[in-house]
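*Asks:* Structure below; questions to follow.
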Amino acid sequence: KDKAVTGILINIENAAYLASKKGLDIVGAVTTALSNATFDKQATQQVLIQSDDSSVLSKYKDIPSYKRVLLVENEIGDAPKNTVDEIKKYAEAVNLRKTSVVKASGSLLSGMTNVVKEMKDANLTVFVHTLRNEFISLAFDYWSDPNVEIATYIHSAKVDGIVTDFPATTSRYLRSPCSDLNNVVTILPAKAGELESTVLPTLLPPAEAPLPPLEVGNIVDPPLPAVVNDNPPATPSSPPPSCACANDTNLGLFIVAIIVLLINLTL
């Protein structure tokens, strides 16, 4: 809170398991920590609460200063209206896998989905994850340049935010005049499918099955279980019986054996 950041994103995972198996109320812990820092009573810094569990996001519906983000980990190729309407009951934003926005086949971009448009038409904020600088994570269409990938998601896919392991790279790109497509010198986004069209069909990998749509059943989760501690602290047990007598006996037999051995040697 003392830093000059525009906000924070808190990702809550495995809340049901932690409550039922480990006796840990992770939702309560996060809520208390944010409240103690008065994040629930200010609007200067944006607080994003992210989870793949709709029941977790429901716990924050009465705190308008928080923005709830539904994490969609599965690859999807479509977001039907009934599913988007269900998402809006729990979240104001979604965080999609980057391959759910720009389709890839092997290391080549094959096209774009309509998922971002379908989400944004319903007034949902759309983030994409997770962008990385390592060349092995970049499709050939990006020419080993993470800035081209960033430009593709911002200008072509029209996402609202990027989740990245290299925030300095994204920040530097957004502050650069080269991020403006109207400039003479600019970083152009990749055109999904353009490079793939130059490859001979016999050299392309087998066609992959279409990405599945996002179903309502993938969104709604059961209510969080009660916090139960299945591992109560163990009661102190009585100390084991002393084995001093047995040790004394063993020591005596050991000494006798040494004496007998010495006698035999002298004889």
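*Asks:* Normalised by the number of residues in the chain, what is the relative contact order in percent for Cα pairs under 8 Å and 6+ residues apart? Working shown, then result.
*Replies:* Values: 395 pairs, mean separation 55.1, N = 267.
Averaging sequence separation for qualifying contacts and normalising by length gives 21 percent for the chain.
*Asks:* Using a Gaussian network model of the chain with C-alpha springs under 10 Å, which one of Val56, Val128, Val220 is most mobile by mean-square fluctuation?
*Replies:* Val220
*Asks:* With charges only on Cβ, +1 for K and R and -1 for D and E, what is the dipole size of segment 1-79 about its Cα centre, in debye, rounded to 20?
*Replies:* In total the dipole reaches around 400 debye.
*Asks:* Averaging over all projection directions, find the projected area of the Cα convex hull of segment 28-110 and quote it in nm² with one decimal place.
*Replies:* Details: hull surface 28.1 nm².
Computing the convex hull of the Cα atoms and averaging its projections yields 7.0 nm².
*Asks:* Next question. As a quick test, which of the pairs Lys59/Lys158; Lys1/Lys120; Lys67/Lys191; Lys59/Lys88; Lys41/Lys120; Lys22/Lys59 have an alpha carbon distance above 24 angstrom in this structure?
*Replies:* Lys59/Lys158; Lys1/Lys120; Lys67/Lys191; Lys41/Lys120
*Asks:* log10 I(q)/I(0), Debye, Cα-only segment 16-66, no solvent, q = 0.13, 0.18 Å⁻¹?
*Replies:* Each listed q corresponds, in turn, to -0.33, -0.61.
*Asks:* Can you give the Rg/Rh ratio of segment 108-226, where Rg is from the C-alpha atoms and Rh is the Kirkwood radius?
*Replies:* Over the Cα atoms of segment 108-226, Rg/Rh equals 1.03.
*Asks:* Using the Kirkwood radius over C-alpha pairs as Rh, can you work out the diffusion coefficient of segment 106-161 via Stokes-Einstein at 10 °C, viscosity 1.306 mPa s, in µm² per second? Let's see the in-between values first.
*Replies:* Numbers: Rh = 12.1 Å.
Translational D for this selection: 131 µm²/s.
*Asks:* While we're on this one: Which helices pass in the chain if a helix is a full DSSP H run, must span at least 24 angstrom along its long axis by Cα, and must have mean Kyte-Doolittle hydropathy not below -1.0?
*Replies:* Details: long enough: 244-266 (33 Å, 1.75).
What comes out of the filter, once short or polar helices are dropped, is 244-266.
*Asks:* For segment 1-131, what relative contact order do you get, as a whole percent, if you take Cα pairs closer than 8 Å and at least 6 residues apart? The partial results should precede the final answer.
*Replies:* On the way: 200 pairs, mean separation 24.9, N = 131.
RCO, segment 1-131: 19 percent.
*Asks:* Counting each DSSP H run of 4 or more residues in the chain as -39500 (n - 2.57), what helix-only mean residue ellipticity at 222 nm follows after dividing by all residues, to the nearest 500 deg cm²/dmol?
*Replies:* Helix contribution divided over all residues of the chain: -8000 deg cm²/dmol.
*Asks:* Could you rank the peptides 93-104, 27-38 by their average count of other C-beta atoms within 10 Å per residue, with the highest value first? Display every interim value, and only then the final one.
*Replies:* On the way: 93-104: 22.2, 27-38: 14.2.
So the peptides 93-104, 27-38, ranked by packing, come out 93-104, 27-38.
*Asks:* What order, most packed first, do the peptides 1-13, 186-198 have when packing is the mean number of other Cβ atoms within 10 Å of each residue? Mind showing how you got there, number by number?
*Replies:* Values: 1-13: 11.2, 186-198: 15.5.
Top to bottom by mean Cβ count within 10 Å: 186-198, 1-13.
*Asks:* Quick one: pull the percentage of alpha-carbon pairs in segment 81-130 with a separation above 15 Å.
*Replies:* Pairs farther apart than 15 Å: 47 percent.
*Asks:* Using Cα pairs under 8 angstrom and six or more residues apart, how large is the relative contact order of segment 5-81, in percent?
*Replies:* Numbers: 91 pairs, mean separation 24.2, N = 77.
Answer for segment 5-81 is 31 percent.
*Asks:* What are the radius of gyration and Dmax of the chain, computed over its Cα atoms and given in Å?
*Replies:* In Å, with Rg to one decimal and Dmax whole: 30.0, 108.
*Asks:* How large, in percent, is the carbon and sulfur part of the accessible surface of segment 1-141 at a probe radius of 1.4 Å?
*Replies:* Values: 3550 of 7030 Å².
C and S fraction of accessible area: 51 percent.
*Asks:* Quick check: net charge around Ser110, other residues with Cβ under 11 Å of its Cβ, Lys/Arg +1 and Asp/Glu -1?
*Replies:* That sum, taken over residues with Cβ under 11 Å, equals -3.
*Asks:* Further, regarding this structure: If you count only protein heavy atoms with a 1.4 Å probe, what accessible area per residue comes out for segment 95-163, rounded to a whole Å²?
*Replies:* That works out to 42 Å² for each residue.
The values are calculated or read from the model by the stated rules, or taken from the named source; none is laboratory data. On a predicted model such as this, the values are computed, not experimentally measured, just so you know. Counting neighbours? That spans all protein chains shown, and the Cβs are built from the backbone with ideal geometry, glycine included. For the accessible areas, the whole protein counts, side chains as well, though only heavy atoms, and no ligand, DNA or RNA atoms are used. Shrake-Rupley method; radii C 1.70, N 1.55, O 1.52, S 1.80 Å.
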